[in-house]
């Protein structure tokens, strides 16, 4: 059993703050500061250009990719880091469409993160071949997988409500219909057990700054199933995805397997923070994470529903049908969340009216959850959201 | 006049090392370590998710983009940071092709950095509309600009030889022929004066880890001329390029001007290092940089040609025709460079036979140049490249 009291001690959490927004940006692993400093001073400062070899910077996207691979049930050697999640979505989608040239539909759902849909839109427009982005309600996805569908593009956990897709079932249905699957694991990696191999997933992408705690702007990752490794064509064919990047050949030759999904120069400083964050995951069992995440979420729902009748649960009530977050609907949700943050409980708000709370067992315990519910009740019972100071909108909400 | 003795003191350079590879990765600005540490501990650690607004992370790609804009002669508000250079090439190229739908040729040259060509190749393949990547010799570019050419894709300074294109002249010719121009400024930004506005350039892209000293894997930048700001279609249409990213709308609407060239979450840790690096550029005059860079390069060529008859100059002899680097051809260049690095002079090697030396006046002075030439002469005169220890190839050369 994972010892969550020990893992909590590995994070820096500001005094008095209960942090329920690790589903957006995970907190600072204590070891990350020294790791980044080492990278800056001892590696960049002392090794200069030779750091690419001597400090292993060039190999790191694969090394760290493998460590993430373990957390999402991927085969070793089939996950690589780099770029942002949006770019990785584009890569996976471009490769998938190329593999199903006779089909024209990208199937997604209205619970997908908008950037995934935007990237699909941009790709379709660029291709100019009459592809269609078909967006259905989440519960209609399974039924909408027809033989027109080239690929499904779905985020396993809905960023607003936490609703969870049945990855195994949808993947099975897609494959029965001859379609490919791309799974966005942004709210899954580090939040719950993911079994890419077991599900037979074709492609997966995700970010590392949420439950994996890699830091703001930490790199994304991509997985390509081994059976597609040699046929997935890299539309973003950058030099580091070339079979021999330092031969500087005139024409592109895709690298071996997942290596071809690398594009440009790796984000060396960011990878140092991520490495420290991934150290914490060594020895952590995702089934323990899942059990504790459910316990925390259930406790929060129960406490809030008793104390805050103005809030309406917007997440699935059945914990097995939701990820590691709980959302409540409230007309004045934005201001209420600002008021709650002023009380030291950080969650976030998603338009138009959702107050969103993430539960990361690595550093959130039952005492935190009870205290967060008490402070939320204080905000609601005293109608603090009515204060104009909490109503002014910031850029990022 | 820029005081280069003062700027040199702002960099950390390892004891005994003369660093002539800032054209590949600039050295550590002393202030960067503390800046990154502050970002990690005080911003990520203490502000957590609120750092996006409170610490200005979200706005930083534009703020730092503007500071780079000053160094490349761009109008304020038309440069933005993000992703890698390869991705930025793709964005510019996709937008340019869209703007010249009736033309099919991308004109580049054999001196371009291979990743630019690879990205063009990938885009052409994805588009499937019969575009052609026409690669001519550098000196044939101007004559090859016909009315078939949709866009020229050129790196101003050749990464191998340092040969400099005439940006103003080629841009004029391209525009006379109805073509667009994309300038890759990887080896120009911070190396010599660039006047995007004066040249009437359409698009420019570049990286920040070479002469700008932003650190390994520091983000790239892109410039779009104001006259194209509303018609350049972002093929990589990510959420942070959306007109209202946090409205989470179902369909993509491109943001204002250069904002639409943002894609995903900005690289927050990397931007802290870059900010410290850009501070050094405040008050630095690029004409001083250019004059001193030429003086250093001329001195190095003279010293090396006297002392090392086995080396053949591979860069243009006319300093006005080359960037801020000097390359020499030598059959055993790889091993000779390894031997030189063992002597404390770091340059680099580019296949098949080029020894490459970059001169960055911010931290390289005339004494460094003379001493580097002396050590190179020691390597050559004693035939140290013959030692097998220097012949073993590493991954990154």
- Task: Can you confirm whether region B:371-386 contains a residue that is within 11 Å of chain A (Cβ to nearest Cβ), closer than 30 Å to residue B:289 by Cβ and either in a helix (DSSP H, G or I) or within 24 Å of the chain's Cα centre (by Cα) (or both)?
- Result: no
- Query: Considering B:56, B:62, which residue is in contact with a helix residue (DSSP H, G or I) (Cβ under 9 Å, 6 or more places away or on another chain), without any contact (Cβ under 8 Å) to a residue 12 or more places away in the chain and more than 21 Å from residue B:157 (Cα to Cα)?
  - Reply: B:56
- Item | Subset of region B:312-324 [in a loop (DSSP other than H, G, I, E, B) and touching a helix residue (DSSP H, G or I) at 6+ places or on another chain (Cβ under 6 Å)] | B:324
- Query: Of the residues A:71, A:93, A:64, A:48, which single one is on the phi > 0 side of the Ramachandran plot and either assigned by TED's automatic domain parsing to the domain that holds residue A:214 or buried (at least 21 other Cβ atoms within 10 Å of the Cβ) (or both)?
  - Reply: A:48
- Message: Please pick out the residue among B:79, B:89 that is under 18 Å from the mean Cα position of the chain (by Cα) and within 11 Å of chain A (Cβ to nearest Cβ).
- Response: B:89
- Filter result for residue B:214 (within 12 Å of chain A (Cβ to nearest Cβ), under 29 Å from residue A:124 (Cβ atoms) and part of a loop (DSSP other than H, G, I, E, B)): no
- Message: If residue B:74 satisfies all but one of (1) over 17 Å from the mean Cα position of the chain (by Cα); (2) more than 7 Å from every other protein chain (Cβ to nearest Cβ), what's the number of the condition it fails?
- Response: (1)
- Taking interchain pairs and intrachain pairs at least six residues apart, which have beta carbon atoms under 9 angstrom, with the first residue in region B:1-22 and away from every other protein chain (no Cβ under 11 Å) and free of Cβ contacts under 8 Å to residues at least 60 places away in the same chain and the second surrounded by 11 or more Cβ atoms within 10 Å (Cβ to Cβ) and part of a helix (DSSP H, G or I)? B:9/B:30
- Query: Tell me, which residue of region A:246-276 that is assigned to a helix (DSSP H, G or I) and modelled with pLDDT under 95 is nearest to the chain's Cα centre (by Cα)?
  - Reply: A:257
- Item | Residue ID - farthest from the other protein chains (Cβ to nearest Cβ), chosen from residues in region B:325-368 that are assigned to a helix (DSSP H, G or I) and closer than 16 Å to residue B:27 by Cβ | B:368
- Note on the structure: Among the residues of region A:107-132, the number that are over 21 Å from the mean Cα position of the chain (by Cα), more than 9 Å from every other protein chain (Cβ to nearest Cβ) and either within 23 Å of residue A:83 (Cα to Cα) or surrounded by fewer than 18 Cβ atoms within 10 Å (Cβ to Cβ) (or both) is 3
- Among the residues of region B:223-238, write down those that are away from every other protein chain (no Cβ under 13 Å), in contact (Cβ under 8 Å) with a residue 40 or more places away in the chain and touching a strand residue (DSSP E or B) at 6+ places or on another chain (Cβ under 9 Å). B:223, B:224, B:225, B:228
- Message: Within region A:23-42, take every residue that is within 8 Å of chain B (Cβ to nearest Cβ) and touching a residue at least 24 places away in the same chain (Cβ under 8 Å) and give me the one that is nearest to residue B:274 (Cα to Cα).
- Response: A:40
- Item | Test: residue B:168 is more than 16 Å from residue B:317 (Cα to Cα) and either surrounded by 15 or more Cβ atoms within 10 Å (Cβ to Cβ) or in contact with a strand residue (DSSP E or B) (Cβ under 9 Å, 6 or more places away or on another chain) (or both) | no
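The values are calculated or read from the model by the stated rules, or taken from the named source; none is laboratory data. For clarity, every value in this text was computed on a predicted model and none was experimentally measured. Please note: Cβ atoms are built from the backbone with ideal geometry, for glycine as well, and neighbour counts cover all protein chains shown.
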